[in-house]
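**Q** The structure that follows is given in the form of structure tokens.
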Amino acid sequence: MDNSRSCKNCQKRTIGSDDTTGNAVCLSCGVLQDYDNYDAQIGGISGPTGTQVRTGTAGTGTVYNYNETKIYNAQKEIEDLMYQLGFSSSKSSEVKDMVVKVTNGEYGQGRWFTVLIGACACIVMRIDGKPLAIVTVANIVCCDIYELGRMVYRVVDFLDLKLPEFDIVDSFEHSIRNAPSFSEVSEDLIGRMLKQGVFLVQCLVKWYVTTGRRPLPVVAAVLVFVAQLNQVDVVIEDVANELQVAVVTCRLRYKELLERLVKVARGLPWGEDVTVKNIMKHATFVIQYMELKSMSKNRNKNKNFEDVGFDLDYLIDDCLSNGNDYALDADDTVNDSQYFQIDHSTRLSIEGPNRFQISQECLAMIYSKMKNEMYVQESTNSRDNSVRKRKRRYGMLSYTDWWKGESEMSKKLLVKQIVEKDVGFSVMPPSFDRGCLAYERRKEKIKAAKYRIHKTMYPSDASSIDTIDVGSLEHVNAGKRRRKKMKFDVDWEDFIIETLLLHQVEEVEIEKGYYKTLMDLHVFNY
């Protein structure tokens, strides 16, 4: 009992200590006194035990700390994404090592880290030379392709890497072997379509269809074409969805492919009859012509049909034989084939193209006559509906012996080798053609500007100079919308050209189109 102080209630000096809590209590009236038993807990992280709370245990109840938890979650995320992409364990390790190198072993968390994993996956597959579309990775990572592309650029720049170019041939092979639309096609037909597709893809590379454009729509267009060529039912919308590309772009590339084949068909005797709508009827002839042309070693620039080494005797004998669906009557075959009997020892070849003396006009007449007789034969003869439907769809060839697959263009070649090959049609890059058109347009604009300047400075003498014809004015305004009234429009380019001419700038310099540089040198150079 403590007699040093009195109770705050009864003022008696009967203060004692409670056995349970240790607080001061008046033994007379039982009132709890003021709290005076505070004991300061002074010590380290494992200090003494307090009254209610044990100190020194905050943050030590988990297995991992923050850094270890972040690394664990990052590695788990990498494994999940690699599983969705179908990467092997070795490729997953390469992606993980690249992420460690970029982040200095700190990994990360959040959206940017997920995009970084996708970018590293694209880089690893590109270095290994295996096709992996950035669109596929972007869909799995759930980001935009442009955001993923910027991350790829940053990683390549940070690690100072040199990536090989995208191989469209490998992408085509990967697509035709893994696309669900071709899952039920036999292996032999897949191999045949693969060679045909590689041939056409490399022809499109030669024709600059793939230059500056996304490669997957071109792959989709070639897949649809070779499928139709081999009578495989494939829809372009399904192929576009499987490759995760825009259907509209695939249709444009498919149309460009047909247009290029139509231009190649101009080298055939009946090439004037070939259009975009009926190119599938003549596709077998056109591709065989391209294949034989690419195998030709003749470097003559003359694009004559006889210079190709075309197997004409095989085509005519096969067209007039009884074994084909498009053969004529037996009597007609006997009567007509006697005029086309060719000695196989003197077959038309590259070494002796002039031995077979038949002009292109004669061949075109023979082809037209045979096509008309085939139409009469098909309309009068009662055949099975399936055969008639197939003939109406392809019109000409239903056999598979036309494809040889012996050309080097059916194999993967370098770009230099592809450009040197001759496939019956050559074209300049679209940028070059646009540059030539722009050059001619600027020349006409300079001529019109000189006319306006002379007319303004010498009104009385305006009739003495050469007038500009209507064709030149239409050429100057090419590409602009036609207005209701036919009159010459003057735009900002015309004013700049007039200003440069008044400052005595050479026409050759103006034709190049570097207006800003010329204005700085000759107009604003005080």
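Taken together, the values in this text are just the output of simple stated rules run on the coordinates, not laboratory data. Quantities reported herein were computed from a predicted structural model and do not represent experimental measurements. Cβ placement follows ideal geometry from the backbone for every residue including glycine, while neighbour counts extend to all protein chains displayed.
**Q** Taking square-rooted eigenvalues a ≥ b ≥ c of the alpha carbon gyration tensor, is the range 112-164 rounded, prolate or oblate, where a/c under 1.5 means rounded and, failing that, a/b exceeding b/c means prolate?
**A** Verdict is oblate for the range 112-164.
**Q** Val31 versus Val135, label points 7 Å from Cα toward the beta carbon: distance in nm?
**A** Spacing of the two 7 Å Cα→Cβ label points: 8.8 nm.
**Q** The range 67-175: which GluC sites (Glu not before Pro) are DSSP loop and have at most 14 other beta-carbon atoms within 10 angstrom?
**A** Within the range 67-175, the qualifying GluC sites (Glu not before Pro) (loop, at most 14 other Cβ atoms within 10 Å) are Glu106, Glu165.
**Q** In bins 10 Å wide, starting from 0, what share of all Cα pairs of the range 82-187 does each bin hold, as a percent?
**A** Result returned by the calculation: 14, 45, 31, 9, 2.
**Q** Between Asp233 and Lys70, what is 0.36 nm times their sequence separation minus the Cα-Cα distance? Round to one decimal in nm.
**A** Numbers: separation 163, 0.36 × 163 = 58.68 nm, distance 5.04 nm.
Gain on stretching Asp233 to Lys70: 53.6 nm.
**Q** Considering only the other residues whose Cβ falls under 15 Å of the Cβ of Gly118, what net charge follows from Lys and Arg at +1 and Asp and Glu at -1?
**A** Details: positive: Lys91, Lys96, Arg111, Arg126, Arg150, Arg154; negative: Glu77, Glu79, Asp80, Glu94, Asp144, Glu147.
Overall, the nearby charge balance is 0.
**Q** How much FRET efficiency would the formula 1/(1 + (r/R0)^6) give for Asp520 and Arg434, where r is the Cβ-Cβ distance and R0 is 25 Å, rounded to 0.05?
**A** So, using R0 = 25 Å, E works out to roughly 0.50.
**Q** Shifting gears a bit: Give me, ordered by chain and number, the residues 5 or more places off Ile15 or on other chains with an amide H under 5 Å from its own placed amide H.
**A** Asp2, Leu27
**Q** Still on this structure, please answer the following. What ranking, highest mean first, results for peptides 218-228, 22-32, 247-257, 114-124 when packing means the other Cβ atoms within 10 Å averaged over each residue?
**A** 218-228, 114-124, 247-257, 22-32
**Q** Taking a 26 Å limit on the Cα-Cα distance, which of the listed pairs Lys162/Lys195; Lys450/Lys512; Lys255/Lys293; Lys206/Lys293; Lys263/Lys512 fall beyond it?
**A** From Lys162/Lys195; Lys450/Lys512; Lys255/Lys293; Lys206/Lys293; Lys263/Lys512, over 26 Å: Lys162/Lys195; Lys263/Lys512.
**Q** Between Rg and the Kirkwood Rh of the range 179-223, both from Cα atoms, what is the Rg to Rh ratio?
**A** Using only Cα positions, Rg/Rh for the range 179-223 is 1.04.
**Q** What distance in nm separates the two pseudo spin-label positions at Asp188 and Ser426, each 7 Å out from Cα along the beta-carbon direction?
**A** Label at Asp188, label at Ser426, 4.0 nm between them.
**Q** Moving on to the next point. In a solvent-free Debye calculation with one equal scatterer on each Cα, what is log10 I(q)/I(0) for the range 170-284 at q = 0.17, 0.19, 0.23 Å⁻¹, listed in the order of the q values?
**A** -0.80, -1.00, -1.39
**Q** Find, among the trypsin sites (Lys or Arg not before Pro) in the range 111-195, those assigned to loop by DSSP (not H, G, I, E, B) with at most 16 other beta-carbon atoms within 10 angstrom.
**A** Lys162
**Q** Given 0.36 nm per residue, what is the gain on full extension from Ile453 to Ala246 after removing their alpha carbon distance, in nm? It would help to have the intermediate numbers written out before the result.
**A** Numbers: separation 207, 0.36 × 207 = 74.52 nm, distance 5.00 nm.
Result for the pair: 69.5 nm of gain on full extension.
**Q** How much length would be gained if the chain were fully extended between Cys10 and Ser89, taking 0.36 nm per residue of separation minus their Cα-Cα distance, in nm to one decimal?
**A** Working it through step by step, the gained length comes to 20.1 nm.
**Q** Using mean Cβ contacts within 10 Å as the protection proxy, how do 198-205, 491-498, 9-16 order, highest first?
**A** So the peptides 198-205, 491-498, 9-16, ranked by packing, come out 198-205, 491-498, 9-16.
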